Every structure is written in C-alpha cells, then in structure tokens.
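Student: For reference, the structure I am asking about is given below.
The values are calculated or read from the model by the stated rules, or taken from the named source; none is laboratory data. These numbers come from a predicted model, not from an experiment. Cβ placement follows ideal geometry from the backbone for every residue including glycine, while neighbour counts extend to all protein chains displayed. Side chains are part of the model used for accessible areas, which takes the heavy atoms of the whole protein and leaves out ligands, DNA and RNA. Shrake-Rupley method; radii C 1.70, N 1.55, O 1.52, S 1.80 Å.
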Amino acid sequence: MSAFIIRRLLLAIPTLVGVLVVAFLLLYVAPGDPVMAMVGERADEETIARLRAELRLDDPLPVQFGHYVAGIARGDLGRSYITNRPIERDIRERFPKTLQLAGAAMLLATVCGVTLGVLSARRPGGAIDRFGLALAYLGISFPVYWVGLLLILLFAVTLHWLPPSGFGGLRYLILPALALGMRSIAFLARMTRSAMLDSLGADYVRTARAKGLRERVVVVRHALRNALIPIITVLGLDFGAYLTGSILTETIFSWPGIGRYVVNAIARRDLPAIQGSVLFLSAVFVLVNLLTDVAYAKADPRVTYS
Amino acid sequence: MRRSAALLLPLFLAACGGGGGGTDRHTLVDSRDNYDPRSLDPALSTDVPTGRVVSYLFDGLTRFTPDAKVVPALATSWESSPDGSTYTFHLRRGVRFSDGTPFVARQVLASWERVLDPKVRGGRGWPLYPIRGAKEFADGKASAIDGLSAPNDSTIVVVLKEPFAIFPKLLAMPVAAIAPEHVPPDFGEHPVGTGPWRLVQWKHDDYLLFAPNPDWWGGAPKADSLQARIIAEPSTAVAEFQSGNVDVLQIPQGEIADWEEDAERRKLLASTPSLELVYVAINTTRGPLADVRVRQALNYAVDRNTIIRNLIAGRGEPAAGVIPPSLPGAEKTRIGYQFDTTRARQLLREAGYPNGIDVELWTSTNPIYVRVAETLQAYLRLSGIRVKLVQRESAAAREAARKGGTDLFIKDWYADYPDAENFLYPLLHSANKGVGGNVSFYANPRFDSLVTAARREPDEEKRVALYMEADRLAFRDAPMIFLWFYSELYAVQPWIGGFEPPVIFNGQPWTTVTIRTATPQKR
C-alpha cells in the first residue's frame, strides 16, 4: 500500500508540471494585459511600458517561464502583481475557509444522502423513496446560485434564523454548505439507493437474513458495506470539485474562500495569483483522488494495489 | 446569475416588512464594495474599494464633501500665483499620524514621490503629472520632482508645468493622500494615516473594520466603529440590507423599479446626481465611422428616452454632450439628438451609405450593458445600421477598445473629481487616445485647443465658457452615442442619521453619520 502511495505521489509530479506549463501558456494566449488592469481607467503609454518592464513582462516567454519555475522550485509562488502580497499567504488565508465549506458540504451529503439512499432502497416505491426521488430531481436540476438565493431568502431574510452571508461560526456555515452540498445529497441518495438495491438482492444478504441476523445489521454491515465503492467514487469526485471550485457558492454567500480569490485574480489578470492558485488547486485535486483510491482499498479488501 | 436574481426580487420584497425603529448594532456597516481593496496604500489606489478606504484612513491636502465640493483638509488654505502656475499650500498644524508622528510638509513630498516611483508600481501618476518635473521623475529621468518644495514644515510650494486652475481638486483624489515619510514594505496591510478612521482589522474578501480617530482635525466620527463589508453578489447585498445587517445599499441597476414601486421600500431611498456618463464610444478612425454624418446618424437612430425608461427605470438624464448637468459647463438648454430614423437614414445616404453600414458593438458582460447593447442593436437596425454584438469579459473588452480594435464600445465614465475637465480631457482630447481614456480616438485640433485653454484658464467664468464651447463641438462631432448620466440610487436604513450619498465615490467619510441603537451599549 505505501509503495502504491509513493508511486502515485511521484506520478503526480509530471501531472503538476503539465499543469504549470498549460496554466502559464494559456494566460499568455488569452486576451487581457495585467498592466492594463493595474492602471485602471486612465493611464499613459510610458507608465504602462515602465510597469511592463518592472514586472518583466517584456522578457521572452521562455525566460519568464524559467524565472517562474525557478521560483516554484524554491517554493516561492511569487507576489501578486496587483496587491503585492505573497501568493502563498493569500492561499494560506483562504484555502482553510474553502476546506471548511467543502468539508461541511460533504458531511451533509454523506449523512443525508447515504441515509436517504439506504432508506429509499429499503422500500422501493414507498413514501421515503418517492420523497427522495423528488428531492433528487430538484437537487440535481436546480443551479447552485438559485438554491443559494432561495435559502438566503427563506432562512435569513424571512425567518431570520441564520445570517444571509459572511464568514464566522457555524451559523454562517449552514446555508452555504447546504447550497453547495445539495447536488451531492441528491446524487448520493440516488447512487446509494441503486447500489443498495443491487446488494440487498444479492445471495450474501439472503444468507445473512437466513442466519437470523437483525435487519439493521443486514442492511448496514452487509448490504451497505458492499455498496460503498460507488458512494466513495461520488464523494471523492465531489470533494475534489468543491475544494477547487465552489466559486458560485462563495460568491453568493460572500464566503472568503479560494474560489473568489481565483475569480478576482482572473478578472484583474493577476498572472502570478492565477498560476499559483491553479497549481495549488491541482495538487489538492491529485491528493483527493489519491485518498479516494486508498479509501477503495479500505472499503473493499478485494481491491489491492500492487 | 443576475437574471435569476431579478426573478427572486419580488419574493425578497414580499418577504420583509419595513425596518424597525433601531438596530442592535453599534457599528455602521457599508455594503458597497464588491471586491477586496487592492491595498490600503494610497499610492496603489487605482480601484474604487481602495480609494474609499484610503479616504477613511488618510487625508489629502484637500477632500471632497458628499455633494462634491472641494474643501481644505491637510491644507488649510492655498493661493496661486496670478498666472496660475504656482500654488502655495499652508498646511494644518498639530495633526498627527495614527502612530503619533506629527504631520509636516516633508511627508507631502515623500508621499507624492512614492506615488510616482516606478518601484512602487502604483500605476496612477497622472493626477500629479501637472507638477513640473513629475513626469520626468516617474519616467526615471530625474532624481527629484523639480516643481515640489517645502520651504518650512507647514508650507508646500508646487510649481506646475503650466497653469492648471483646477489642480487643488485633483489633490482630493485618494492617490494624492498623505502617508508618513518612511513606510514599511507591508504598509498596504498596516497603513498609518491622519484620516478620520483607523484600521482595526482587514479580513480579506470579507470585511474591513475601522475605529474612530478621536483626534481627527475635522471632529471625531460619531459612531463607535465602521465596517466595510465585501459582498460580491448584488442580490446578496440586497438580502443583507433586508435583514437589517447592513446600513447602506447601492441598488443594483436592474432592480430599481422594484424598489421605487414598493411603498415601504421607497421611504428608504436616497439618490444623488451621479457624475457618471454612460455612452457608446465610436471609434472615429474606423471605416464609415470617420464620417461625422455617420456618427450623427448613429445618434439619431437611438431612442434614448425609451431605453432610459425601460432599462434603468428612468434613473438617467439623457446625455447631450459629455458634461453632467450638475457641473458648470453643461449647456442645459441644448436639445439632444432626438430619435428620428428618417434623419438617420438621410444622413447615411448623404455620407454615401444608402444601403446602411455594418458595425461591431462591443460590450462587457455587465448585465445592464448587455441589455442596452441588444436594444441598441434593434434600434440601429431600423435605420439600416447592421450591428454585430461582441461580448467579452470586461478587461478583454476594454483592452480591445484601447487598442482601437472596436467600432463601437459601450462603457461608462465616473468622475474622479467634480469638474467638466474630467470628462472633456480624458475622454476626447487627442493627447489621451487609447489608454488615456479617449477610446473614440477623437482628434479635433479646435476641440483640443479649447480644452487645453480651459485647463490653463485661471478665471472660472472664462473657463466654463471654454468648456461649454468644447462640449458643443463634441456634441456636433458625435464621437460617441450619447446615452445618459446615471443617477445612483441608495437605500439607507431608517436608524441611520446623516448619511448623504456621495457624488464622488470617496466623498463620504461617515464622520457625521449616526446609528440609532435600540439596545444600550454593552461595554
């Protein structure tokens, strides 16, 4: 297992190098000049030329790239063109907040989604199953910003139970986590239901029941355990996605996370900030995928990596 | 995203009753910023959130009142030489920075040098360029600013390159604010100023918190604290306002009617004649657009009154020229281009385009401008002008226009200081083609000389007459489709006293604003 993990980590290096190259080149191909964004509405050619020189934007592309890679190799993501703050500090400030939001959304998704899926599978066509189906339709088809605004309207503006937006304690976390996790809840519920239906119909479940095990034990220990693989897949993919791009949720709920940071950086053509966060988020994604694979092996002893 | 938000608005409005008599907060909360300030260093203030914060933490030699008057700040008075090329500023005595350092003339020199210093990477030196030698210093051709001197601790003498009568107005811009002489590298995070507020905390992308400066020369702020929240999504700001969590809201342009038509909400509204021109820059160097008749045809082809009524709920004054009606120099009696397709077609025929023309209209993704662009497309079609819409993310669209790559580009212009010069010169003077702000690439020597003369004219009355004449010329030459002057709409909570919406974005220091708190103070 540890050999597998080490191999995967080594394999991640070329992936990240690829990300680095693409992120660097794409930004030079895309329209929009960072200096133009810096100077605002009114400027003069000399100022622009001077800033370009100061930021070394006039160096040949390979030189700029070399300069950048050398910085990365030293563990330095550089400083923002716009704010002049170190990118690393910006990320360190914002990523924990995104992690918190993504974690809460995943927790909600796991608890609600899996429970709903298991209950639905217990009596297909029953009341819970039909409720779950309706919820899944809504959760999957409603866009997150719409759900987000509805949640704000209901729980904050009308009922005054929770704050509409902002960052703070648990009270601030509930609505954005719900908005973000809604899709996962819906998806997981359906996923769990079908996986559970498969395993509930399997021979080993009949055997377990024949042994006289209590229904709870049959469902949780035998059926659910065997249905875990697709659930982990969904969880892993969604978690990776939430950690790297809950931009809409962060925007709607004024959540000061990494998603808004990236969007602002793009709007201002803040090249080092964009490159640094893309690289960092790619590494996060790779890591989450690796953890997912490890979780497969933990859930199913038949899965081995050698 | 915005469209679905608009669908929800009636629900929002239905959901909330009127505000109560007070709030349980002691902190004033502003919701106007929708992105994090770039820095808190005046030398880096090139965006609105930064400029606003700088006006809380720092002072310039002059400052704006909410209704856009320029009043003494760190300079108590000033006089200019008869030809208007030398200014002597007398500085306020007894002022201290938040770290205790006394304010003296040297700091003015140091602050302005920092703004122009290429190493600081501010990018906005132009407000100081009128000073003799400032541009040379900024370009690295001089080691000091020739026209700047401090004969003693409380006097600054500024020699300008040429007479520039409105120079003191430019000194109220955030970039000209005064910082201490030696600033640490992290000054942008830990600012030290003389302004009415002091920074308590800056949570990036979340909020900035300020405490009153009890010793502020203009009188300490009345409220206990001030919080500037960063709220990215306008609909969220609306919800925060409805929940009573923020005190001042800038109403999104698409949602104006919903507020004005609601009897309860209406009571909270406040507005100001905003110094904002919305227009379509016509690149006067491209194909048929080089012909003035074609540009006039474009102006006749558009029914601006109907657009104003239907797209921005009537909150704009039709533009007939570039000078806002609230500024001296605007010719208020002038009748603008009236919607007349026959006239437009006739002008196109005269210009040699009986079959009409094809043009590209560029717009950013701003939802209001996208709707305006679509409407313009339909109107222009009626006069035989076939428009292809090009929508780009705003930085890309602006850059294309600056490089002369757009036929038509819908945009706006907010004044940095209250003077007609701030419209005529950057938007249409040939010295500012492209990045300077003149994306019409308009170049009329007569117009240039009128504006240049106005800038030099020390006599107010004569200057205004020159502005008027230049504006008349611009109106006739039509280097843009004149649309409207937008009048910003605010909602202010009933428990707030003394908040006057600012005409210039950094014109409201919140010092006289009060908050009526229902629960007693708990400290």
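Student: Quick one: in segment B:41-54, which of the residues that are open to solvent by 10 Å² or more (accessible area, probe 1.4 Å) and in a helix (DSSP H, G or I) is farthest from the other protein chains (Cβ to nearest Cβ)?
Tutor: The residue in question is B:52.
Student: Something else: Taking into account only those residues within segment A:119-146 that are within 14 Å of chain B (Cβ to nearest Cβ) and not in a helix (DSSP H, G or I), which is farthest from the chain's Cα centre (by Cα)?
Tutor: A:142
Student: Return the pairs, sorted by first residue and then second, in which the second residue is small (Gly, Ala, Ser), the first residue lies in segment A:290-306 and is assigned to a loop (DSSP other than H, G, I, E, B), the beta carbons are less than 9 Å apart, and the residues are 6+ apart or on different chains.
Tutor: Every condition considered, the pairs that remain are A:303/A:297; A:304/A:297; A:305/A:3; A:305/A:297; A:306/A:3.
Student: Taking residue A:149, is it within 14 Å of chain B (Cβ to nearest Cβ), in a helix (DSSP H, G or I) and open to solvent by less than 50 Å² (accessible area, probe 1.4 Å)?
Tutor: yes
Student: Within the set of pairs 6 or more residues apart or between chains, which connect a residue that is more than 7 Å from every other protein chain (Cβ to nearest Cβ) and open to solvent by less than 20 Å² (accessible area, probe 1.4 Å) inside segment A:42-54 to a residue that is in a helix (DSSP H, G or I) and at pLDDT 85 or above with Cβ atoms less than 6 Å apart?
Tutor: Partner pairs satisfying both residue conditions: none exist.
Student: Given the conditions (1) at negative phi; (2) free of Cβ contacts under 8 Å to residues at least 60 places away in the same chain; (3) within 27 Å of the chain's Cα centre (by Cα), which single one is not true for residue A:79?
Tutor: So the condition that residue A:79 fails would be (2).
Student: Select, from B:92, B:106, the only residue that is in contact (Cβ under 8 Å) with a residue 60 or more places away in the chain and over 28 Å from residue B:502 (Cα atoms). Step through it out loud before you land on a result.
Tutor: Details: B:92 fails: over 28 Å from residue B:502 (Cα atoms).
None of the other options fit; the residue is B:106.
Student: Select from segment B:418-437 the residues that are closer than 20 Å to residue B:48 by Cα, part of a loop (DSSP other than H, G, I, E, B) and within 12 Å of another protein chain (Cβ to nearest Cβ) and list them in ascending order.
Tutor: Correct list: B:437 only.
Student: While we're here: Looking at residue A:175 and the list (1) open to solvent by less than 70 Å² (accessible area, probe 1.4 Å); (2) in contact (Cβ under 8 Å) with a residue 40 or more places away in the chain; (3) more than 19 Å from the chain's Cα centre (by Cα), which single condition is not satisfied?
Tutor: In the conditions (1) open to solvent by less than 70 Å² (accessible area, probe 1.4 Å); (2) in contact (Cβ under 8 Å) with a residue 40 or more places away in the chain; (3) more than 19 Å from the chain's Cα centre (by Cα), residue A:175 misses (3) alone.
Student: Do we have any residue at all in segment A:240-247 that's over 30 Å from residue A:303 (Cα atoms), within 14 Å of another protein chain (Cβ to nearest Cβ) and touching a helix residue (DSSP H, G or I) at 6+ places or on another chain (Cβ under 6 Å)?
Tutor: Yes: one or more hits.
Student: Among the residues that make up segment B:246-253, is at least one of them modelled with pLDDT of 95 or more, part of a loop (DSSP other than H, G, I, E, B), under 24 Å from residue A:158 (Cα atoms) and within 12 Å of another protein chain (Cβ to nearest Cβ)?
Tutor: Yes; the residues of segment B:246-253 include at least one that is modelled with pLDDT of 95 or more, part of a loop (DSSP other than H, G, I, E, B), under 24 Å from residue A:158 (Cα atoms) and within 12 Å of another protein chain (Cβ to nearest Cβ).
Student: Collect the residues in segment A:165-176 that are in a helix (DSSP H, G or I) and within 18 Å of residue B:205 (Cβ to Cβ), keeping them in residue-number order.
Tutor: Within segment A:165-176, A:172, A:173, A:175, A:176 meet the criteria.
Student: Criterion first (away from chain A (no Cβ under 14 Å), more than 17 Å from the chain's Cα centre (by Cα) and on the phi > 0 side of the Ramachandran plot) does residue B:22 satisfy it? Walk me through how you get there before you give the answer.
Tutor: On the way: away from chain A (no Cβ under 14 Å): yes; more than 17 Å from the chain's Cα centre (by Cα): yes; on the phi > 0 side of the Ramachandran plot: no.
No.
Student: Filter segment B:106-115 down to residues that are hydrophobic (A, V, I, L, M, F, W, C) and surrounded by fewer than 24 Cβ atoms within 10 Å (Cβ to Cβ) and give me whichever is farthest from the other protein chains (Cβ to nearest Cβ).
Tutor: In this case the residue turns out to be B:109.
Student: Quick check: anything in segment B:129-149 open to solvent by 30 Å² or more (accessible area, probe 1.4 Å), assigned to a loop (DSSP other than H, G, I, E, B) and among the hydrophobic types (A, V, I, L, M, F, W, C)?
Tutor: Checked segment B:129-149: at least one residue is open to solvent by 30 Å² or more (accessible area, probe 1.4 Å), assigned to a loop (DSSP other than H, G, I, E, B) and among the hydrophobic types (A, V, I, L, M, F, W, C).
Student: Ok, one more. Here is a list: A:181, A:168. Which entry is in contact (Cβ under 8 Å) with a residue 12 or more places away in the chain and either within 11 Å of another protein chain (Cβ to nearest Cβ) or more than 25 Å from residue B:228 (Cβ to Cβ) (or both)?
Tutor: When all the criteria are applied, what remains is A:181.
Student: Please determine, by comparing only the residues of segment A:78-108 that are crowded, with 18+ Cβ neighbours inside 10 Å and in contact with a strand residue (DSSP E or B) (Cβ under 7 Å, 6 or more places away or on another chain), which one is farthest from the other protein chains (Cβ to nearest Cβ).
Tutor: Across segment A:78-108, the extreme among qualifying residues is A:87.
Student: If we scan segment B:438-454, do we find a residue that is within 14 Å of chain A (Cβ to nearest Cβ) and either open to solvent by less than 20 Å² (accessible area, probe 1.4 Å) or in a helix (DSSP H, G or I) (or both)?
Tutor: Taking every residue of segment B:438-454 in turn, at least one turns out to be within 14 Å of chain A (Cβ to nearest Cβ) and either open to solvent by less than 20 Å² (accessible area, probe 1.4 Å) or in a helix (DSSP H, G or I) (or both).
Student: Determine which single condition residue B:165 fails, assuming it passes every other condition in (1) crowded, with 19+ Cβ neighbours inside 10 Å; (2) at pLDDT below 95; (3) within 14 Å of chain A (Cβ to nearest Cβ); (4) assigned to a loop (DSSP other than H, G, I, E, B).
Tutor: Result: residue B:165 passes all but (3).
Student: Also, quick follow-up: Can you tell me which condition residue A:18 does not meet? The list is (1) within 14 Å of another protein chain (Cβ to nearest Cβ); (2) under 30 Å from the mean Cα position of the chain (by Cα); (3) free of Cβ contacts under 8 Å to residues at least 60 places away in the same chain, and all the others hold.
Tutor: Answer for residue A:18: the failing condition is (1).
Student: Output the residue which, of all residues in segment B:236-292 that are surrounded by 19 or more Cβ atoms within 10 Å (Cβ to Cβ) and of a type in the set (D, E, K, R), is farthest from residue B:320 (Cα to Cα).
Tutor: So, considering only residues that are surrounded by 19 or more Cβ atoms within 10 Å (Cβ to Cβ) and of a type in the set (D, E, K, R), the one farthest from residue B:320 (Cα to Cα) is B:240.
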